[in-house]
Amino acid sequence: MKLLIWSTGIVAALAGAPLLPGIVNRVKAFFAGRKGPSVFQLYFDLAKLSRKAPVYSTTTSWVFRIAPVVNCAAVIGALLLLPIAGKASLFGFAGDVVLMLYVCGLGRLFTVLGALDTGSSFEGMGSSRECQFAILSEGAILAVFGALILLTHRVSLSGILAQMSLHLWSVDGTALILVGIGFFIVILAECCRVPVDDPDTHLELTMIHEAMILDNSGADLALIHYAAALKMWVLLLIEILLICPKFGGGAWGQLAGEILCVMLGAAVIGAVESVMARYRFRKVPQLLSSAIGMGLLAVVLLILFQA
Amino acid sequence: MDFFVRSALGCLLASALGAWLCRKNERCAAVTGAAGAVLAALIIFAGSTWAFWHHAFNFYASFFQLVVALVGAAAAMHAIGYLAGEGGKKFCAFWSFYHLTFGAMLAVTALRSFIPFLIAWEVMGLASFFLVMLEYENSENQRAAWIYLLGCEAGGLLLMLAFALSGGGSAAYFYLLLAGFGLKIGFPLLHVWLPEAHPAAPAPVSALMSGAMIPLGFCGLFRFMPHTSACFGHAGWALLILGLIGAFFGILFAAGQSNLKRLLAYSSIENMGIISLGFGLGFLGKAYAHPTMALLGLGGGVLHVFNHAVLKGMLFLGAGSVLRATGTLQLDEMGGLMKKMPVTGRCFLCGAIAICGLPPFCGFTGELLIYIGAFSGIAHCHGALFAGALMTAIVLALTGGVACAALAKAAGGAFLGEPRTEASRNAAKEKLSMVIPQLGLLFLALALPLFAGTLPDVLHLTGKAHHLLSVVLAKNALFCCVFYTLIVLVLAWRRRAGRDARAVGTWDCGYARPTGRMEYTASALTQPIADQFDTVLGTKREVKEVSGLFPATAKILISCRDAARNFFWDVIFHGFARFAEKCHALQSGYLHFYIFMMVLALAAMLAWGFWA
């Protein structure tokens, strides 16, 4: 039963992830007073792309071809480490946070290397920015999880998230709010959303993630889009489990609540994108440093006010 | 010194003599020397296996001997191709000093008392000085070798001082040991010789020095420091703080370099920092009775020593192959080498990913244990210990991020994209003897995480500690397998979906003919990071701006000099030189003045004698 619920959650994530960019775009369209594309647009795009024959640059080597594959496998791997509906992951262990962070880092490094493999100056520029921002966002994730480990005295992802409860919120609410905001900033950076990166920009000079995949096409591009959507699902799910840990209605109710809340999280990201402009590149490190700061501040609060 | 080490030393001696005897025939000399090193390594492997079966596997001796033998054999095989065409005499010189270094390193791990240890230590330093000096025709290399010798001798001097004080077992003894061995390890401030010596030395020597010689500092430190709780406290804090600084700033300076081997040398400083973090956490755990943290920290440090040896050996050998193929170490003059050197490129790329500590390669396992050690410190410790553990986790994450950028710069700049110069376009083919050792090390890098589960047995752990370590390592191995399966599945899907691919030029947003000159350079890749940390890096720019209506040439030259050297050692040494210059006035040439000085000195000594 436990395994069934956990695997249902995984399948739901794998199947439902392409909905999230659709929701984000729909919300943005609503704010802009447009009708907007269908929520299922990414499904159509993925189906179309996977039927197209890819085009490879003559400059590229095997690195370019394997990069989208490794990136996609890495995000699926990260998903497999998550606890779902209160059930610990099959592969979880003490310290799996690090494994999740680093496997995502592997996906990112391959994307960067694939971009460098094309020899295009725009893709080099995108990689350069991605590398710069990744440093701080990784630091921020560790700062946030440092606070959570201090709070829950657990070391594994499942352990930490299982400890989250209304009671904990009533005791250490301030620290948890800081942790939640810090992690949300990380989500915006890792999923390449405004104010860090604008996925809809039309100018290559201002892109980050989109600039790195300018030369990808066909099934490769489909894998990249899919992995990006799935990464958003993974990160949003962690955020949801931090903020509203328990839903009623048993394990299945919990699962349904988590999935709904992930969709809601995507809507929030859409709203954030609609109401603010993206920052200048020089300001992004400040934003990410502030996420590290929130994690450290949460630690200080916990130490000061822990009985 | 046990039987196996003695036989290995004998084997090395015989092989060096053999290489000398056939110095007329280059090929013969090359193979004799390499065969001796490989045979010595096999003897050491046999010794370790024997020790393992007889439960005599000693951490200081057997473990470090394994590391030394592994890198020593791989580098020796690489040297056959690396030095090919230099003539039998050069080979003869190379093998005599190489085997002397190799043998001295084995002796260092095996000797237990002060004086013999110190002799072996000095021989190791001196012999490797000659190896760094091997390409003495270049004056830059000579300068680098002298800096290296200075570092070695200063370290030896500090160790002698420490051993003179050894009776006391005081804190001063420990800190002298720390400084003496730290000069070899490359702790921050003491690291200045590393980025000089590594680019100057031949690649196999860099691999041996970086992979196996610098971690020997840890071996010596742990062997001779007093194993008391108070000393564990000192050692823990010192290693933790040095590790925090070394790891982060080491990799930051690596990101600023454009010379491939210099970049790798700074990466070694970073990795020594990570190892120090592990050992530091471990000692603190021992001193403050947190067995979990102690176990994970020490285990992570030990694993990372081994992983670093495998990976840095592979990367330096790869850099050597690149140097031989293109004739340059400047990343901005390479590019597109993956097509010319497919095997070296694959090995280097995997090594670069692994040294960033990313799964599923071996670099991750060691870092994972250190992380978990830090996490258990965060969860269960208070006060300064908690702060140290938290800083360890955050600094490790930041370091990992910068490492990705620095190694993407190294691998991407050298192997990916279009060739940037003619030298790189016309790169020579790779040689079999240079490829095989890299492939062997790559195999280890891939296989280690799967077999790391034996570590608890190797360390003779039992009970709860055994369980904790083996669960983490087994789950990590399991995840590696799952990850490989995922890659295969996605690859299979892509193969089905991505038939009849077409090949055209890079799109590059509408440029008609993108060339290598329009590519993003390796330096540009890390420039935002260098700018962000400019206060520390102090990058120097020489710019010749574009000017006029018909601009002719423009130029930008970016260099990132070592801060410790610039702002600390140079200041001290220059100050000392000025002082010495002033003392020069005393050397007047008048005999009367000298006699007067002697009388003054005698009077002063008399006064001191009466007063004391």
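The values are calculated or read from the model by the stated rules, or taken from the named source; none is laboratory data. As the structure is a prediction and not an experimental result, all values here were calculated from the model. Cβ: placed from backbone, ideal geometry, glycine included. Neighbour counts: every protein chain shown. Surface areas here come from the heavy atoms of the whole protein model, side chains and all, with no ligands, DNA or RNA. Shrake-Rupley method; radii C 1.70, N 1.55, O 1.52, S 1.80 Å.
Filter region B:528-552 for residues that are without any contact (Cβ under 8 Å) to a residue 12 or more places away in the chain and surrounded by 10 or more Cβ atoms within 10 Å (Cβ to Cβ) and give the result.
B:Pro528, B:Asp531, B:Gln532, B:Asp534, B:Val546
If only one of B:Phe567, B:Phe576, B:Phe533 is within 14 Å of another protein chain (Cβ to nearest Cβ) and aromatic (Phe, Trp, Tyr), which one is it?
Every option except B:Phe533 fails the conditions.
Between a first residue in region B:448-460 that is in a loop (DSSP other than H, G, I, E, B) and a second residue that is modelled with pLDDT of 80 or more, which pairs have beta carbons less than 6 Å apart while being 6 or more apart in sequence or on different chains?
Going by the 6 Å Cβ cut-off, there are no qualifying pairs.
Suppose the filter is open to solvent by 10 Å² or more (accessible area, probe 1.4 Å) and at pLDDT below 95; does B:Ala34 pass it?
No; evaluated as a whole, the condition is false for this residue.
What is the residue count in region B:465-484 for residues that are more than 10 Å from every other protein chain (Cβ to nearest Cβ), in contact (Cβ under 8 Å) with a residue 60 or more places away in the chain and open to solvent by 10 Å² or more (accessible area, probe 1.4 Å)?
Count: 1.
Quick one: is A:Leu116 within 10 Å of another protein chain (Cβ to nearest Cβ), open to solvent by 10 Å² or more (accessible area, probe 1.4 Å), part of a helix (DSSP H, G or I) and not acidic (Asp, Glu)?
In short, yes.
Please find, among B:Thr292, B:Thr328, the residue that is open to solvent by 10 Å² or more (accessible area, probe 1.4 Å), outside any helix (DSSP H, G or I) and either touching a residue at least 40 places away in the same chain (Cβ under 8 Å) or not acidic (Asp, Glu) (or both).
The match here is B:Thr328.
How do the pairs read when you match residues in region A:154-167 that are over 15 Å from A:Phe91 (Cβ atoms) and of a type in the set (D, E, K, R) with residues anywhere that are open to solvent by 30 Å² or more (accessible area, probe 1.4 Å) and part of a loop (DSSP other than H, G, I, E, B), using Cβ under 9 Å and keeping only pairs 6 or more apart or on different chains?
Between residues of region A:154-167 that are over 15 Å from A:Phe91 (Cβ atoms) and of a type in the set (D, E, K, R) and residues that are open to solvent by 30 Å² or more (accessible area, probe 1.4 Å) and part of a loop (DSSP other than H, G, I, E, B), the close pairs are A:Arg154/A:Ala94.
Answer yes or no: is there a residue in region B:42-63 that is among the aromatic types (Phe, Trp, Tyr), modelled with pLDDT under 90 and farther than 21 Å from B:Val108 by Cα.
yes
Only one of (1) surrounded by fewer than 24 Cβ atoms within 10 Å (Cβ to Cβ); (2) without any contact (Cβ under 8 Å) to a residue 24 or more places away in the chain; (3) at the interface with another protein chain (Cβ under 8 Å from one of its Cβ atoms) fails for B:Gly383. Which number is that?
Here B:Gly383 meets the rest and fails (3).
What's the number of the only condition in (1) under 27 Å from A:Val55 (Cα atoms); (2) buried (at least 19 other Cβ atoms within 10 Å of the Cβ) that B:Ser523 fails to meet?
(1)
Any residue at all in region A:82-104 that is farther than 29 Å from A:Lys2 by Cβ, in contact with a Gly (Cβ under 8 Å, 6 or more places away or on another chain), facing chain B (nearest Cβ under 7 Å) and open to solvent by less than 10 Å² (accessible area, probe 1.4 Å)?
No: zero hits.
Going by what's in this entry, would A:Asp215 be described as closer than 30 Å to A:Pro83 by Cβ, touching a residue at least 60 places away in the same chain (Cβ under 8 Å) and not in a helix (DSSP H, G or I)?
Judged against the criteria, A:Asp215 is not a match.
Could you list all residues from region B:419-447 that are in contact with a Phe, Trp or Tyr (Cβ under 8 Å, 6 or more places away or on another chain) and open to solvent by 50 Å² or more (accessible area, probe 1.4 Å)?
B:Leu446
Of all residues in region A:162-180 being touching a Ser or Thr at 6+ places or on another chain (Cβ under 9 Å) and away from chain B (no Cβ under 12 Å), which is most open to solvent (accessible area, probe 1.4 Å)?
Going through the qualifying residues, I end up with A:Ala162.
Inspect region B:485-493 for any residue being surrounded by 15 or more Cβ atoms within 10 Å (Cβ to Cβ) and either among the hydroxyl-bearing types (Ser, Thr, Tyr) or in contact (Cβ under 8 Å) with a residue 60 or more places away in the chain (or both) and give the result as yes or no.
No, region B:485-493 contains no residue that is surrounded by 15 or more Cβ atoms within 10 Å (Cβ to Cβ) and either among the hydroxyl-bearing types (Ser, Thr, Tyr) or in contact (Cβ under 8 Å) with a residue 60 or more places away in the chain (or both).
Of the residues in region A:31-82, how many are closer than 30 Å to A:Ile160 by Cβ and among the aliphatic types (A, V, I, L, M)?
Matching residues across region A:31-82 total 10.
Take the conditions open to solvent by 50 Å² or more (accessible area, probe 1.4 Å) and over 30 Å from B:Glu333 (Cα atoms) and apply them to B:Leu450. Does it pass?
For B:Leu450, the condition - open to solvent by 50 Å² or more (accessible area, probe 1.4 Å) and over 30 Å from B:Glu333 (Cα atoms) - is met.
Condition first: at the interface with another protein chain (Cβ under 7 Å from one of its Cβ atoms) and buried (at least 24 other Cβ atoms within 10 Å of the Cβ). Now tell me which residues in region A:123-140 satisfy that.
A:Gly124, A:Ser127, A:Ser128, A:Cys131, A:Gln132, A:Ile135, A:Glu138, A:Gly139
Confirm whether B:Ala403 is in a helix (DSSP H, G or I), within 8 Å of chain A (Cβ to nearest Cβ) and surrounded by 23 or more Cβ atoms within 10 Å (Cβ to Cβ).
No.
Pairs only if they're at least six apart or on different chains, beta carbon under 6 angstrom, first in region A:63-90 and farther than 22 Å from A:Ile240 by Cβ, second open to solvent by less than 20 Å² (accessible area, probe 1.4 Å) and at pLDDT below 90; list them, first residue then second.
Hits for this filter: zero, empty list.
I'd like the residue in region B:338-359 that is touching a Phe, Trp or Tyr at 6+ places or on another chain (Cβ under 7 Å) and closer than 17 Å to B:Leu439 by Cα and, out of all such residues, is nearest to the other protein chains (Cβ to nearest Cβ).
B:Met338
Output the residue which, of all residues in region A:9-33 that are touching a residue at least 40 places away in the same chain (Cβ under 8 Å) and not in a helix (DSSP H, G or I), is nearest to A:Leu221 (Cα to Cα).
Going through the qualifying residues, I end up with A:Pro18.
Being away from chain B (no Cβ under 12 Å) and within 18 Å of the chain's Cα centre (by Cα): is that true of A:Glu210 here?
No.
Do we find that A:Arg51 is modelled with pLDDT under 95, closer than 16 Å to A:Ala227 by Cα and within 10 Å of chain B (Cβ to nearest Cβ) in this structure?
In short, no.
Of the numbered conditions (1) touching a Phe, Trp or Tyr at 6+ places or on another chain (Cβ under 6 Å); (2) at the interface with another protein chain (Cβ under 9 Å from one of its Cβ atoms), A:Val69 fails exactly one; give the number of that condition.
(1)
How many residues are assigned to a helix (DSSP H, G or I) and touching a helix residue (DSSP H, G or I) at 6+ places or on another chain (Cβ under 7 Å) when one looks only at region B:14-39?
18
For region B:579-612, how many residues are outside any helix (DSSP H, G or I) and open to solvent by 100 Å² or more (accessible area, probe 1.4 Å)?
Going through region B:579-612 one residue at a time, the tally reaches 2.
So which of A:Leu205, A:Leu221, A:Leu237 ends up being open to solvent by less than 20 Å² (accessible area, probe 1.4 Å) and assigned to a helix (DSSP H, G or I)?
A:Leu237
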